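Take a look at the structure below.
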Amino acid sequence: MSTRRDFITLLGGAAAAWPLAARAQQPERMRRIGVINGGGAADDPDTLANIAAFLQVLQQLGWTDGRNVRIDTRLAGGNADNIRKYAVELAALEPDVIFAIGTAAMGPLLQATRTVPIVFAIVTDPLGAGFVDSLARPGGNATGFMQFEYSLSGKWLELLKQIAPGVTRAAVLRDPAITAGIGQFAIIQSVAPSVGVEVSPVNVRDAGEIERAVAAFARSPNGGLIVTASALANVHRTLIVTLAARHKLPAVYYRRYLVTSGGLISYGPDFVDQHRRAAGYVDRILKGEQPADLPVQAPTKYELAINLKTAKALGLDVPPSLLARADEVIE
């Protein structure tokens, strides 16, 4: 009897252990992440560095492409047709989460899916654009990180006046087709009287339009440029920096790498930091949290960059107080 009882007990214990052993031998479920960058291109070092930072943090959090997650990346290069196409493609893959970079990607992506969780970065005014119900409680399938608050736009005009006191006119390069383009220009326009600068908009829809408008603006003296944030400004960045140099126009930019490419001065959020923080939200969603419950966050790090070589070419003496505040000075 004891032998039979021992056998039954042993058999029961082994049977209980079988599911555990089977689960231990099963491979980890492959998850899927879609990545879409509306303004970035495959030959853009800044875009690639930002995505590399995103992937690095994901790996630190335990997600490795090809092992337990598959990452599908689409770089639209600012082309509206590509953005719509890639948004539909990624939504059709039904990934566990999509990481959307830039304001231009969000509208088409939300048209393509209202169910796949979306984490965004470098998006201006997600509330005003209708991407979320509120910043504290996004409510839908999207959340993430704002590019900046509109109040930052006024600082660009103030910086232009500080680095080039003789400027009395400023052309504001903006994308009029997006809410952010209208909002940024409105803030700059509201600040203009207090610094004694007259502002006028220049649309960035295509290269020819930009070139003609900047050339016409430069025919009158004491002018400067402000380049506001948009995917199209990123697409046409080389042209814009070239035109500013050609027409001897002091220019303020919204991204640091435009200054490393020859621009005069920039002030804006640290986009690498936004990509790192976005990876944290992607991780939380993969582990079961919902975007509706994750608050939209504002930037916590900003960068001021100045190119002294460009300042010298423009005949400008950069105030020591401005140099002291700079995070990066290019000589």
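The values are calculated or read from the model by the stated rules, or taken from the named source; none is laboratory data. Keep in mind it's a predicted model, so treat the numbers as computed, not measured. Counting neighbours? That spans all protein chains shown, and the Cβs are built from the backbone with ideal geometry, glycine included. Side chains are part of the model used for accessible areas, which takes the heavy atoms of the whole protein and leaves out ligands, DNA and RNA. Shrake-Rupley method; radii C 1.70, N 1.55, O 1.52, S 1.80 Å.
What the table below lists for this structure:
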read-out	value
The chain - accessible surface per residue (Å², probe 1.4 Å)	46
Two-decimal ratio, segment 222-313, of alpha-carbon radius of gyration to 2.2 N^0.38 Å	1.39
Residue among D283, D44, D317 with the largest mean-square fluctuation in a Gaussian network model of the chain, springs linking Cα atoms under 10 Å	D317
Percentage relative contact order, segment 29-81, counting C-alpha pairs under 8 Å, at least six apart	65
Carbon and sulfur %, accessible surface of segment 82-121 computed with the full protein complex present, 1.4 Å	48
Candidate residues T238, T103: accessible-area rank, largest first, probe 1.4 Å	T238, T103
Shape call, segment 112-165: gyration tensor on alpha carbons, a/c limit 1.5	prolate
Of every Cα-Cα pair in the chain, the percent that sits beyond 28 Å	46
Dipole magnitude of the chain about its Cα centre (Cβ charges: Lys, Arg +1; Asp, Glu -1), debye to nearest 20	260
Listed residues V296, V69, V119, most fluctuating in the chain (Gaussian network, C-alpha, under 10 Å)	V69
Cα-based Rg / Dmax (Å) for segment 49-179	17.7, 58
Model label zone, M30; criterion: amide N under 19 Å from point 7 Å along Cα-to-beta-carbon; scope segment 56-73	59, 62-73
Ellipticity estimate at 222 nm from DSSP helix runs (n ≥ 4, -39,500 (n - 2.57)) divided over the chain, nearest 500	-14000 deg cm²/dmol
Listed residues H247, H275, H236 arranged by accessible area, highest first, probe 1.4 Å	H247, H236, H275
Inter-label distance, nm, simple model (7 Å from Cα along the C-beta direction), S151/L239	3.5
Heavy-atom accessible surface of segment 151-192: percent carbon and sulfur, 1.4 Å	60
In Hz, Karplus ³J(HN,Hα) per residue of segment 237-248 (6.51, -1.76, 1.60; θ = phi - 60°; x = Gly, Pro)	4, 5, 4, 5, 4, 5, 5, 4, 5, 4, 9, 6
Amide H contacts under 5 Å for R31, placed H, 5+ residues apart	V69, R70
Exceeding the 22 Å Cα-Cα cut-off - candidates K248/K301; K155/K301; K85/K287	K248/K301; K85/K287
Cα-based helix-to-principal-axis angle, 271-286 vs the chain, degrees rounded to 10	20
Between segment 120-188 and segment 26-63, the Cα center-to-center distance that results, in Å	25
10 Å Cβ shell holding at most 16 others, DSSP loop, trypsin sites (Lys or Arg not before Pro): longest site-free stretch of the chain	115-204
Relative contact order (percent, whole number), the chain, Cα cutoff 8 Å, 6+ residue spacing	19
Within a Gaussian network of the chain (alpha carbon springs, distance under 10 Å), most fluctuating of M30, M106, M146	M30
Accessible heavy-atom area order of W63, W156, highest first, probe of 1.4 Å	W63, W156
